[in-house]
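K.L.:
Quick one: the structure is below, and I'll ask about it shortly.
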Amino acid sequence: MRYFLKILHLISLSIFFGSIATFIFLGEIIPPDDLSALRISRELVASGTAYLTLPALFATGLTGVLMSGKPNTRWLWSKVIGFILIALNTIAFIYPAIEASLLHIGTHTNGSGSDEFTAVMQQEAIFGGLNLLLIFSLIAIATIKPSFKRKNKTNYAT
């Protein structure tokens, strides 16, 4: 069972990262003045986030929790808390910004864009970058498995 969970964990993590990398790539190759291409890329990002990124995020978190059981070390607790922060950040800030970009794309003009479109794209970029930072931190924690021990306060006074 643990082997199966580990495979699901790695597959869902790959889907999660792959979808994010694809969205970043799409954002870079679409010319900002091509409104129809921009609309198509934003629709792909929205549907990809809804049907690939979010399910893969939750599958990664769920399989990680199932593999570790009840967190009994600080590094496992930090991973659980980090996953909760990533999920909340995605649901509260990133996905709403993606949806809002579709609403404001009609006002996007000749590369400069409307204030609303620019603001939601910036929100998506900032919180997406924060998520990537958190994800790479959790991967480092899982790889290194630091002890996060508290320093012993020894009283040497006699």
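K.L.:
Per the helix-only calculation at 222 nm, which mean residue ellipticity applies to the chain, given -39500 (n - 2.57) for every DSSP H run of n ≥ 4 and division by its residues, nearest 500 deg cm²/dmol?
P.N.:
-24500 deg cm²/dmol
K.L.:
Could you give the alpha-carbon Rg of segment 16-105 over 2.2 N^0.38 Å, rounded to two decimals?
P.N.:
Taking N as the residue count of segment 16-105, the ratio is 1.32.
K.L.:
Could you give the alpha-carbon Rg of the chain over 2.2 N^0.38 Å, rounded to two decimals?
P.N.:
1.31
K.L.:
For the Cα atoms of the chain, what angle does the longest principal axis make with the long axis of helix 54-68, in degrees from 0 to 90, nearest 10?
P.N.:
Approximately 10 degrees, to the nearest ten.
K.L.:
Evaluate the relative contact order of the chain (contact order divided by residue number), counting alpha-carbon pairs under 8 angstrom at least 6 apart; express in whole percent.
P.N.:
Reported as a whole number, the value is 26 percent.
K.L.:
Something else about it: Scan the chain and report its longest stretch carrying no chymotrypsin sites (Phe, Trp or Tyr not before Pro) that are both in a DSSP loop and have at most 13 other Cβ atoms within 10 Å.
P.N.:
It works out to 1-147.
Throughout, read-outs are computed from the coordinates displayed, never taken from laboratory work. As the structure is a computational prediction, the values presented were derived from the model and not from experiment. In this analysis, Cβ positions are derived from the backbone assuming ideal geometry, glycine residues included, and neighbour counts consider all displayed protein chains.
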